[in-house]
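> Would you mind keeping the following structure in view while I ask a few things?
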Amino acid sequence: MTAEIIAVGSELLGAQRLDTNSLFLAEQLQGLGIGLQRKTVVGDSEQGIAAAIGEALERADLVIVSGGLGPTADDLTREGAARALGRSLSREDRILETIERRFRDRGLRMPEINVRQAMILEGAELLANSQGSAPGQWLRAGERVLILLPGVPVELQAIFAEECRPRLEKIAPRGVILTRVLKIAGLFESQVDERAAPIYQKFHNPTTTILASPGEIQLHLTAAGAGEAEAREALNELARRLELALGDHIFSDDGRTMEEVVGMYLAMRAKTVAVAESCTGGLLAERLTRVPGSSRYFLGGIVAYSNEVKTRWLDVPAPALETAGAVSAEAARILAESVRRHFGADFGLGITGIAGPSGATPEKPVGLVFLALAEEGRAAEVVEKRYPGGRERVRLQASQTALDMLRRRVK
């Protein structure tokens, strides 16, 4: 059984609003074993909504539309669906009475425009809305199913849980869809795919999608099975082969972030860390402290942005800054060793670089970052990186590399 989601609302075509309803619906459909094959966003246009619904019903067994069921003139999902199906709209008096009662209970008079929310498509089965005024609608179009839901998240989620899910459980195929995400650090997207593609391309189930973001590559594995055990077994087989090919570059297979994984290892080993940051401006410390309970292993940090602070608080000699420069392997090494020593930590991390857009030279371009990891009794590990992208991307990638260095050492 295949499904498509249509999100209605011109605001979703801009940069200010995120379509969170589709994320919720996708998760629910996956749990029902229904394969989602497309998501569409369409503006507040009756013709556009009708076209989107008509096209989706030609492709998918189930089409869910969210939004556009409100009372205002730009709420046109009912009209668009009626046009797509060639059906009429009529007022449902008992729905209108319910809406009027909601207003009376709050001591308000119902505006005339709310009558539009009581307009129901011919042949529709009403889906009660326990959290709002506009009911959802369930329609059959031959062998296809069309569901209209309000766009307010709390209302959509309530209607889906109380009305849609029981109905879908009766018609959904008896099966399970499971997903696992392998998170990878230290490799570019092309390097990951070079190792992984010869493996995952041999599998039709699970399917694999590769996603790239700064400092992290993800392999999304999706398996279908008659039951959870069958789907999980398929996931395990592909994941095992990919883990052999990618080795320690995989830092998570259960949804945890890099900072959560690092925190787990530090807590397990009863180790502590302190950080000295320049170009990342405290981002590394912020990521470490996102994790509840991080006070067990994170002792503190210093944002040493100026050379004066590097010299006064972290013992970076002025001559070293004059010769090698503040952005250098030597400066990163001293930052890591000094912050470890000053805080009495097991590990010290130091970062210095040029995040841009200014401050670069031909010899030291934007994106050049030096990172160091210090540990008592061992020579500091120092790496040089040249990150692509703008300021925030450089800062994020640098913090990710620093955490990955610590992960590998502590593990």
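Each reported figure results from applying straightforward, stated rules to the coordinates on display, with no laboratory input. In this text the structure is predicted, and so the values were computed from the model without any measurement. All Cβ positions, glycine included, derive from the backbone under ideal geometry; neighbour counts span all protein chains shown.
> Kindly provide the GluC sites (Glu not before Pro) of the stretch 115-168 that DSSP labels as loop, not H, G, I, E or B, and whose Cβ sees at most 12 other Cβ atoms within 10 Å.
122, 143
> Also: In what sequence do 315, 105 fall when counting other Cβ within 10 Å, fewest first?
Sorted ascending by nearby Cβ count, the order is 105, 315.
> While we're here: Using just the Cα positions, wrap the stretch 258-410 in a convex hull and report its mean projected area in square nanometres, one decimal place.
That works out to 8.1 nm², a quarter of the Cα hull's surface.
> Extension gain residue 220-residue 26, at 0.36 nm per residue separation less the Cα-Cα distance, in nm?
Once the chain is fully extended between residue 220 and residue 26, it gains 68.4 nm.
> Along Cα→Cβ, 7 Å out, is where each label goes; now give me the distance between the ones at residue 267 and residue 378 in nm to one decimal.
Here the modelled spin labels are 2.3 nm apart.
> How fast does the stretch 2-171 diffuse by Stokes-Einstein, in µm²/s, taking the Kirkwood radius from C-alpha pairs at 25 °C and 0.890 mPa s?
My calculation gives 153 µm²/s for D.
> Counting other C-beta atoms within 10 Å, which of 74, 346 has the fewest, and how do the rest follow?
By the 10 Å Cβ count, ascending: 74, 346.
> Another one. Multiply the residue separation of residue 295 and residue 191 by 0.36 nm, subtract the distance between their alpha-carbon atoms, and state the gained length in nm to one decimal.
33.8 nm
> How many percent of DSSP beta bridges within the stretch 2-171 run antiparallel, rounded to 5?
The answer is about 40 percent antiparallel.
> Right, another one. What value does the stretch 176-252 have for Rg/Rh, both radii from Cα atoms and Rh as Kirkwood defines it?
0.97
> Moving on to the next point. Considering only DSSP beta bridges where both residues belong to the chain, give the percentage that are antiparallel (nearest 5).
Counting only bridges with both partners in the chain, antiparallel ones make up about 60 percent.
> Go through the stretch 146-155 residue by residue and turn each phi into a ³J(HN,Hα) via Karplus (6.51, -1.76, 1.60, θ = phi - 60°); whole Hz please, and just put x for glycine and proline.
10, 10, 10, 10, x, x, 5, x, 5, 6
> Kindly provide the Kirkwood hydrodynamic radius of the chain in Å, to one decimal, from all pairs of distinct alpha carbon atoms.
25.1
> From the backbone phi of the stretch 337-350, what are the Karplus-calculated ³J(HN,Hα) couplings (6.51 cos²θ - 1.76 cosθ + 1.60, θ = phi - 60°) in whole Hz, Gly and Pro given as x?
Karplus-based 3J(HN,Hα) across the stretch 337-350 equals 5, 5, 5, 4, 5, 5, 8, x, 8, 6, 10, x, 10, x Hz.
> Find, to one decimal place in angstroms, the Kirkwood hydrodynamic radius of the stretch 1-101, where the mean of 1/r is taken over every pair of different Cα atoms and then inverted.
Taking the inverse mean of 1/r over all distinct Cα pairs, the stretch 1-101 comes out at 14.5 Å.
> Oh, and also: Order of 180, 87 from fewest to most other C-beta atoms within 10 Å?
87, 180
> Specify the inter-centroid distance of the stretch 123-180 and the stretch 215-267, based on alpha-carbon positions, in whole Å.
Rounded to whole Å, the Cα centres lie 31 Å apart.
> Alpha carbons only, please: Rg and Dmax for the stretch 151-303, in angstrom.
Here Rg and the maximum Cα pair distance are 20.0, 59 Å.
> While we're looking at this one, here's another question. I need the fraction of alpha carbon pairs in the stretch 311-359 separated by more than 12 Å, rounded to a whole percent.
Counting every Cα pair in the stretch 311-359, those more than 12 Å apart make up 61 percent.
> Also, I was wondering about something else. log10 I(q)/I(0), Debye, Cα-only the stretch 326-405, no solvent, q = 0.11, 0.16, 0.21, 0.27 Å⁻¹?
Values, matching the q order: -0.27, -0.55, -0.86, -1.20.
> In whole Å, what is the distance between the alpha-carbon centres of the stretch 16-82 and the stretch 357-411?
If you average the Cα positions of each part, the centres end up 44 Å apart.
> A further question follows. Within the stretch 244-284, name every residue whose backbone N is under 18 Å away from a label modeled 7 Å from Cα of residue 203 along the Cβ vector.
Backbone N within reach: 244-256.
> Give a quick list of chymotrypsin sites (Phe, Trp or Tyr not before Pro) in the stretch 124-228 that DSSP marks as loop, anything other than H, G, I, E or B, with at most 14 other Cβ atoms within 10 Å.
In loop regions of the stretch 124-228 (DSSP not H, G, I, E or B), the sparsely surrounded chymotrypsin sites (Phe, Trp or Tyr not before Pro) are 188.
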